[in-house]
1. Give region 63-106 a look and list any residue that's within 16 Å of the ligand (Cβ to nearest atom), in contact with a strand residue (DSSP E or B) (Cβ under 8 Å, 6 or more places away or on another chain) and under 14 Å from residue 40 (Cα atoms), or say none.
2. With the requirement that a residue be farther than 21 Å from residue 18 by Cα and buried (at least 22 other Cβ atoms within 10 Å of the Cβ), what does region 93-110 give you?
3. Can you tell me which residue among 280, 285 is more than 16 Å from the ligand (Cβ to nearest atom), within 27 Å of residue 6 (Cα to Cα) and either assigned to a helix (DSSP H, G or I) or in contact with a helix residue (DSSP H, G or I) (Cβ under 7 Å, 6 or more places away or on another chain) (or both)?
4. When you check residue 140 against the structure, is it farther than 22 Å from residue 277 by Cα, within 15 Å of the ligand (Cβ to nearest atom) and either surrounded by 19 or more Cβ atoms within 10 Å (Cβ to Cβ) or touching a residue at least 12 places away in the same chain (Cβ under 8 Å) (or both), yes or no?
5. Among the listed residues 181, 177, 192, 185, which satisfies the condition of being in contact (Cβ under 8 Å) with a residue 40 or more places away in the chain, crowded, with 24+ Cβ neighbours inside 10 Å and in contact with a helix residue (DSSP H, G or I) (Cβ under 8 Å, 6 or more places away or on another chain)?
6. Which count do you get for residues in region 247-260 that are touching a helix residue (DSSP H, G or I) at 6+ places or on another chain (Cβ under 7 Å), under 21 Å from residue 225 (Cβ atoms) and surrounded by fewer than 17 Cβ atoms within 10 Å (Cβ to Cβ)?
7. Among the residues of region 205-226, which ones are touching a strand residue (DSSP E or B) at 6+ places or on another chain (Cβ under 9 Å) and either farther than 24 Å from residue 174 by Cα or outside any strand (DSSP E or B) (or both)?
8. Looking at 136, 111, which one is in a loop (DSSP other than H, G, I, E, B), outside the structural domain of residue 208 (by TED's automatic domain parsing) and at pLDDT 95 or above?
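The values are calculated or read from the model by the stated rules, or taken from the named source; none is laboratory data. Keep in mind it's a predicted model, so treat the numbers as computed, not measured. Glycine also receives a Cβ, built like all others from the backbone with ideal geometry; neighbour counts cover every protein chain displayed.
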Ligand code: F6P
(Lines give C-alpha, C1' and ligand atoms only; values in the text may rest on other atoms or scores of the structure.)
Protein backbone atom coordinates (compact mmCIF):
# COMPACT_ATOMS: atom_id res chain seq x y z
CA UNK A 1 0.00 0.00 0.00
CA UNK A 2 1.26 3.50 -0.79
CA UNK A 3 2.11 5.79 2.11
CA UNK A 4 -1.21 7.35 2.98
CA UNK A 5 -1.22 8.87 6.46
CA UNK A 6 -3.83 11.58 6.31
CA UNK A 7 -7.18 11.54 4.49
CA UNK A 8 -9.09 14.70 3.60
CA UNK A 9 -12.85 14.61 3.27
CA UNK A 10 -15.21 17.04 1.57
CA UNK A 11 -18.79 17.37 0.34
CA UNK A 12 -19.49 19.26 -2.87
CA UNK A 13 -22.39 20.17 -5.18
CA UNK A 14 -26.01 19.91 -4.02
CA UNK A 15 -26.43 18.70 -0.44
CA UNK A 16 -28.16 15.36 0.05
CA UNK A 17 -29.61 13.71 3.18
CA UNK A 18 -27.10 11.12 4.38
CA UNK A 19 -24.01 13.18 3.58
CA UNK A 20 -23.41 13.60 7.32
CA UNK A 21 -23.75 9.86 7.87
CA UNK A 22 -21.13 9.42 5.12
CA UNK A 23 -18.78 11.99 6.70
CA UNK A 24 -19.13 10.15 10.02
CA UNK A 25 -18.45 6.76 8.44
CA UNK A 26 -15.39 7.92 6.48
CA UNK A 27 -13.95 9.67 9.55
CA UNK A 28 -14.50 6.78 11.93
CA UNK A 29 -13.40 4.03 9.51
CA UNK A 30 -10.27 6.05 8.73
CA UNK A 31 -9.40 6.57 12.42
CA UNK A 32 -10.18 2.87 13.11
CA UNK A 33 -7.53 2.01 10.49
CA UNK A 34 -4.95 4.39 11.98
CA UNK A 35 -5.26 7.31 9.54
CA UNK A 36 -5.44 10.97 10.44
CA UNK A 37 -8.49 12.79 9.07
CA UNK A 38 -9.00 16.40 8.02
CA UNK A 39 -12.33 17.99 7.19
CA UNK A 40 -12.32 20.36 4.22
CA UNK A 41 -15.06 23.01 4.32
CA UNK A 42 -17.23 24.22 1.42
CA UNK A 43 -16.22 21.53 -1.05
CA UNK A 44 -13.35 22.19 -3.45
CA UNK A 45 -13.50 25.85 -2.42
CA UNK A 46 -12.02 24.86 0.96
CA UNK A 47 -8.96 23.53 -0.83
CA UNK A 48 -8.45 26.94 -2.37
CA UNK A 49 -9.20 29.04 0.72
CA UNK A 50 -7.52 26.61 3.13
CA UNK A 51 -10.62 26.11 5.32
CA UNK A 52 -9.48 22.79 6.75
CA UNK A 53 -9.59 21.35 10.28
CA UNK A 54 -8.45 18.11 11.93
CA UNK A 55 -11.34 15.68 12.48
CA UNK A 56 -11.52 13.36 15.47
CA UNK A 57 -14.28 10.87 16.27
CA UNK A 58 -16.06 13.52 18.40
CA UNK A 59 -16.30 15.88 15.40
CA UNK A 60 -18.75 13.46 13.83
CA UNK A 61 -20.77 12.57 16.94
CA UNK A 62 -24.52 13.03 16.81
CA UNK A 63 -24.70 13.85 13.09
CA UNK A 64 -25.94 10.60 11.55
CA UNK A 65 -29.54 11.81 11.85
CA UNK A 66 -28.96 15.31 10.47
CA UNK A 67 -29.75 16.41 6.92
CA UNK A 68 -27.44 18.77 5.01
CA UNK A 69 -23.69 18.58 5.53
CA UNK A 70 -21.68 19.76 8.53
CA UNK A 71 -18.77 20.39 6.13
CA UNK A 72 -20.96 22.81 4.08
CA UNK A 73 -20.95 22.59 0.33
CA UNK A 74 -20.44 24.75 -2.74
CA UNK A 75 -20.24 24.59 -6.50
CA UNK A 76 -16.72 25.97 -6.99
CA UNK A 77 -15.97 27.68 -10.31
CA UNK A 78 -12.29 28.25 -9.49
CA UNK A 79 -11.62 24.51 -9.19
CA UNK A 80 -12.68 24.23 -12.84
CA UNK A 81 -9.56 26.18 -13.83
CA UNK A 82 -6.00 24.80 -13.93
CA UNK A 83 -4.85 27.72 -11.71
CA UNK A 84 -7.49 26.88 -9.10
CA UNK A 85 -6.50 23.23 -9.04
CA UNK A 86 -2.81 24.16 -8.63
CA UNK A 87 -3.71 26.18 -5.51
CA UNK A 88 -5.78 23.21 -4.29
CA UNK A 89 -2.83 20.85 -4.78
CA UNK A 90 -0.47 23.19 -2.91
CA UNK A 91 -2.97 23.33 -0.04
CA UNK A 92 -3.10 19.54 0.14
CA UNK A 93 0.70 19.33 0.28
CA UNK A 94 0.87 22.04 2.94
CA UNK A 95 -1.79 20.28 5.05
CA UNK A 96 -0.08 16.90 4.65
CA UNK A 97 -3.21 15.36 3.14
CA UNK A 98 -2.26 12.44 0.90
CA UNK A 99 -5.67 11.09 -0.19
CA UNK A 100 -9.16 12.52 -0.59
CA UNK A 101 -12.66 11.15 -0.14
CA UNK A 102 -15.15 13.36 -1.97
CA UNK A 103 -18.91 13.07 -1.55
CA UNK A 104 -21.20 14.50 -4.22
CA UNK A 105 -22.79 14.03 -7.61
CA UNK A 106 -21.75 14.20 -11.21
CA UNK A 107 -19.96 17.59 -10.98
CA UNK A 108 -18.04 16.55 -7.87
CA UNK A 109 -16.79 13.34 -9.44
CA UNK A 110 -15.89 15.15 -12.67
CA UNK A 111 -13.73 17.58 -10.67
CA UNK A 112 -12.19 14.64 -8.80
CA UNK A 113 -11.37 12.80 -12.01
CA UNK A 114 -9.63 15.80 -13.58
CA UNK A 115 -7.66 16.60 -10.42
CA UNK A 116 -6.67 12.97 -9.77
CA UNK A 117 -5.33 12.62 -13.31
CA UNK A 118 -3.54 15.98 -13.33
CA UNK A 119 -1.74 15.46 -10.01
CA UNK A 120 -1.71 11.65 -9.74
CA UNK A 121 -3.56 12.09 -6.46
CA UNK A 122 -5.50 9.23 -4.80
CA UNK A 123 -9.22 10.04 -4.63
CA UNK A 124 -12.23 7.90 -3.81
CA UNK A 125 -15.73 9.25 -4.50
CA UNK A 126 -19.04 8.55 -2.78
CA UNK A 127 -22.24 9.09 -4.80
CA UNK A 128 -24.07 11.74 -2.79
CA UNK A 129 -27.02 13.15 -4.74
CA UNK A 130 -30.79 12.95 -4.54
CA UNK A 131 -30.91 12.56 -8.33
CA UNK A 132 -29.70 8.92 -8.43
CA UNK A 133 -28.21 9.70 -11.84
CA UNK A 134 -24.78 8.11 -11.46
CA UNK A 135 -23.98 5.06 -13.56
CA UNK A 136 -22.66 1.96 -11.80
CA UNK A 137 -24.66 2.20 -8.60
CA UNK A 138 -28.24 1.07 -8.02
CA UNK A 139 -28.80 4.00 -5.71
CA UNK A 140 -27.12 7.14 -4.37
CA UNK A 141 -26.93 8.67 -0.89
CA UNK A 142 -29.97 10.93 -0.42
CA UNK A 143 -32.17 9.45 -3.13
CA UNK A 144 -34.34 7.35 -0.81
CA UNK A 145 -34.95 10.26 1.57
CA UNK A 146 -35.89 12.59 -1.30
CA UNK A 147 -38.23 9.95 -2.69
CA UNK A 148 -39.94 9.65 0.69
CA UNK A 149 -40.23 13.46 0.92
CA UNK A 150 -41.86 13.48 -2.52
CA UNK A 151 -44.22 10.70 -1.47
CA UNK A 152 -45.37 12.57 1.63
CA UNK A 153 -45.87 15.81 -0.29
CA UNK A 154 -47.77 14.18 -3.14
CA UNK A 155 -50.00 12.26 -0.70
CA UNK A 156 -51.00 15.61 0.77
CA UNK A 157 -51.64 17.18 -2.61
CA UNK A 158 -53.79 14.16 -3.51
CA UNK A 159 -56.26 15.19 -0.78
CA UNK A 160 -56.81 18.55 -2.46
CA UNK A 161 -56.78 17.06 -5.96
CA UNK A 162 -59.53 14.62 -4.94
CA UNK A 163 -61.62 17.13 -3.00
CA UNK A 164 -61.60 19.64 -5.85
CA UNK A 165 -61.52 17.05 -8.69
CA UNK A 166 -58.43 18.67 -10.13
CA UNK A 167 -55.55 17.77 -12.36
CA UNK A 168 -52.20 18.50 -10.68
CA UNK A 169 -48.80 18.75 -12.33
CA UNK A 170 -46.10 18.32 -9.69
CA UNK A 171 -42.51 19.08 -10.61
CA UNK A 172 -39.75 17.13 -8.89
CA UNK A 173 -35.96 17.43 -9.04
CA UNK A 174 -33.61 15.13 -10.88
CA UNK A 175 -31.34 17.33 -13.00
CA UNK A 176 -32.37 15.79 -16.30
CA UNK A 177 -32.98 12.33 -14.87
CA UNK A 178 -36.37 10.73 -14.30
CA UNK A 179 -35.69 8.45 -11.32
CA UNK A 180 -37.39 10.63 -8.70
CA UNK A 181 -40.36 11.34 -10.97
CA UNK A 182 -40.91 7.74 -12.07
CA UNK A 183 -40.52 6.05 -8.70
CA UNK A 184 -42.32 8.95 -7.01
CA UNK A 185 -45.25 8.33 -9.36
CA UNK A 186 -45.31 4.61 -8.58
CA UNK A 187 -45.12 5.25 -4.84
CA UNK A 188 -48.02 7.72 -4.86
CA UNK A 189 -50.30 6.04 -7.39
CA UNK A 190 -49.89 9.01 -9.73
CA UNK A 191 -51.47 8.80 -13.16
CA UNK A 192 -48.28 9.50 -15.12
CA UNK A 193 -44.62 10.51 -14.94
CA UNK A 194 -43.15 12.82 -17.55
CA UNK A 195 -39.43 12.13 -17.68
CA UNK A 196 -36.67 13.30 -20.02
CA UNK A 197 -35.71 9.74 -20.98
CA UNK A 198 -39.10 9.05 -22.62
CA UNK A 199 -40.99 11.46 -24.83
CA UNK A 200 -44.69 11.93 -24.05
CA UNK A 201 -46.94 14.03 -26.26
CA UNK A 202 -49.66 16.19 -24.76
CA UNK A 203 -52.40 14.25 -26.57
CA UNK A 204 -51.09 10.94 -25.16
CA UNK A 205 -51.23 12.49 -21.72
CA UNK A 206 -54.74 13.79 -22.36
CA UNK A 207 -55.87 10.32 -23.40
CA UNK A 208 -54.62 8.92 -20.13
CA UNK A 209 -56.22 11.62 -18.03
CA UNK A 210 -59.49 11.47 -19.96
CA UNK A 211 -59.65 7.69 -19.49
CA UNK A 212 -59.11 8.15 -15.79
CA UNK A 213 -61.90 10.70 -15.40
CA UNK A 214 -64.18 8.56 -17.62
CA UNK A 215 -63.58 5.64 -15.26
CA UNK A 216 -64.79 7.96 -12.50
CA UNK A 217 -61.39 8.84 -11.04
CA UNK A 218 -61.95 12.19 -9.46
CA UNK A 219 -58.40 13.49 -9.49
CA UNK A 220 -55.27 13.14 -11.56
CA UNK A 221 -51.67 13.68 -10.61
CA UNK A 222 -48.80 13.86 -13.08
CA UNK A 223 -45.22 13.98 -11.81
CA UNK A 224 -42.90 15.96 -14.06
CA UNK A 225 -39.11 15.75 -13.89
CA UNK A 226 -37.40 19.14 -14.08
CA UNK A 227 -35.56 19.31 -17.39
CA UNK A 228 -35.46 21.40 -20.57
CA UNK A 229 -36.60 18.21 -22.34
CA UNK A 230 -39.86 17.88 -20.38
CA UNK A 231 -40.18 21.67 -20.25
CA UNK A 232 -41.11 21.45 -16.55
CA UNK A 233 -44.53 21.30 -14.87
CA UNK A 234 -45.54 24.91 -15.49
CA UNK A 235 -44.97 24.69 -19.22
CA UNK A 236 -46.75 21.36 -19.54
CA UNK A 237 -49.72 22.52 -17.46
CA UNK A 238 -50.11 25.62 -19.63
CA UNK A 239 -50.18 23.51 -22.79
CA UNK A 240 -52.71 21.04 -21.36
CA UNK A 241 -54.92 23.83 -19.97
CA UNK A 242 -54.90 25.65 -23.31
CA UNK A 243 -55.85 22.60 -25.31
CA UNK A 244 -58.24 21.11 -22.76
CA UNK A 245 -59.88 23.98 -20.83
CA UNK A 246 -62.38 21.57 -19.25
CA UNK A 247 -59.76 20.50 -16.68
CA UNK A 248 -59.17 22.42 -13.46
CA UNK A 249 -55.37 22.42 -13.56
CA UNK A 250 -52.94 23.32 -10.79
CA UNK A 251 -49.13 23.20 -10.55
CA UNK A 252 -46.85 22.53 -7.57
CA UNK A 253 -43.07 22.76 -7.77
CA UNK A 254 -41.66 20.84 -4.82
CA UNK A 255 -38.21 22.48 -5.05
CA UNK A 256 -35.61 22.33 -2.30
CA UNK A 257 -37.90 20.66 0.22
CA UNK A 258 -36.66 17.51 -1.57
CA UNK A 259 -33.05 18.07 -0.55
CA UNK A 260 -33.50 18.52 3.19
CA UNK A 261 -34.56 16.51 6.21
CA UNK A 262 -33.32 13.68 8.36
CA UNK A 263 -32.10 10.77 6.22
CA UNK A 264 -34.13 7.55 6.11
CA UNK A 265 -32.71 4.37 7.64
CA UNK A 266 -31.92 3.24 4.09
CA UNK A 267 -29.78 6.32 3.39
CA UNK A 268 -28.04 6.19 6.78
CA UNK A 269 -27.08 2.54 6.25
CA UNK A 270 -26.07 3.13 2.62
CA UNK A 271 -23.90 6.12 3.61
CA UNK A 272 -22.33 4.17 6.48
CA UNK A 273 -21.49 1.19 4.27
CA UNK A 274 -20.17 3.38 1.45
CA UNK A 275 -18.12 5.54 3.84
CA UNK A 276 -16.45 2.50 5.38
CA UNK A 277 -15.92 1.06 1.88
CA UNK A 278 -14.11 4.23 0.78
CA UNK A 279 -11.43 3.56 3.40
CA UNK A 280 -11.27 -0.14 2.40
CA UNK A 281 -10.75 1.02 -1.19
CA UNK A 282 -7.79 3.23 -0.20
CA UNK A 283 -6.34 0.39 1.89
CA UNK A 284 -6.61 -1.85 -1.19
CA UNK A 285 -4.74 0.79 -3.22
CA UNK A 286 -7.81 1.62 -5.32
CA UNK A 287 -7.58 5.02 -7.02
CA UNK A 288 -10.06 7.24 -8.82
CA UNK A 289 -13.05 5.06 -8.19
CA UNK A 290 -16.56 5.75 -7.02
CA UNK A 291 -18.06 3.43 -4.44
CA UNK A 292 -21.21 1.92 -5.92
CA UNK A 293 -23.74 -0.60 -4.71
CA UNK A 294 -25.19 -3.23 -7.03
CA UNK A 295 -27.49 -6.03 -5.89
CA UNK A 296 -26.62 -5.01 -2.33
CA UNK A 297 -22.88 -5.57 -2.91
CA UNK A 298 -20.30 -2.80 -2.72
CA UNK A 299 -18.42 -2.25 -5.99
CA UNK A 300 -15.67 0.08 -7.20
CA UNK A 301 -16.59 2.00 -10.36
CA UNK A 302 -13.90 3.97 -12.22
CA UNK A 303 -14.77 7.71 -12.29
CA UNK A 304 -14.84 7.64 -16.09
CA UNK A 305 -17.61 5.07 -16.19
CA UNK A 306 -19.69 6.66 -13.43
CA UNK A 307 -19.63 10.09 -15.05
CA UNK A 308 -19.65 9.43 -18.76
CA UNK A 309 -22.27 6.70 -19.05
CA UNK A 310 -25.94 7.61 -18.79
CA UNK A 311 -27.74 5.59 -16.17
CA UNK A 312 -30.67 3.93 -17.93
CA UNK A 313 -34.24 4.06 -16.66
CA UNK A 314 -35.63 0.63 -15.86
CA UNK A 315 -38.32 -0.20 -18.46
CA UNK A 316 -40.02 -2.59 -16.05
CA UNK A 317 -40.77 0.39 -13.76
CA UNK A 318 -42.27 2.32 -16.66
CA UNK A 319 -44.48 -0.60 -17.58
CA UNK A 320 -45.56 -1.04 -13.98
CA UNK A 321 -46.64 2.60 -13.79
CA UNK A 322 -48.55 2.27 -17.07
CA UNK A 323 -50.35 -0.89 -15.97
CA UNK A 324 -51.33 0.47 -12.57
CA UNK A 325 -52.44 3.94 -13.58
CA UNK A 326 -55.46 2.81 -15.66
O1 LIG B 1 -28.22 17.71 -8.18
C2 LIG B 1 -29.15 17.95 -7.17
C3 LIG B 1 -30.12 19.03 -7.57
O4 LIG B 1 -31.04 19.19 -6.50
C5 LIG B 1 -30.84 18.80 -8.88
O6 LIG B 1 -31.90 17.89 -8.81
C7 LIG B 1 -31.26 20.22 -9.23
O8 LIG B 1 -31.36 20.36 -10.63
C9 LIG B 1 -30.12 21.04 -8.72
O10 LIG B 1 -29.46 20.27 -7.75
C11 LIG B 1 -30.53 22.36 -8.10
O12 LIG B 1 -29.39 23.03 -7.71
P13 LIG B 1 -29.35 24.35 -6.79
O14 LIG B 1 -29.65 23.96 -5.39
O15 LIG B 1 -27.96 24.86 -6.96
O16 LIG B 1 -30.39 25.27 -7.35
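1. Correct list: 69, 72, 73, 102, 103, 104.
2. Hits for region 93-110 are 97, 99.
3. From the options 280, 285, the qualifying one is 280.
4. When the stated conditions are applied, residue 140 does not pass them.
5. Every option except 185 fails the conditions.
6. 2
7. 205, 208, 209, 212, 213, 219, 226
8. 136
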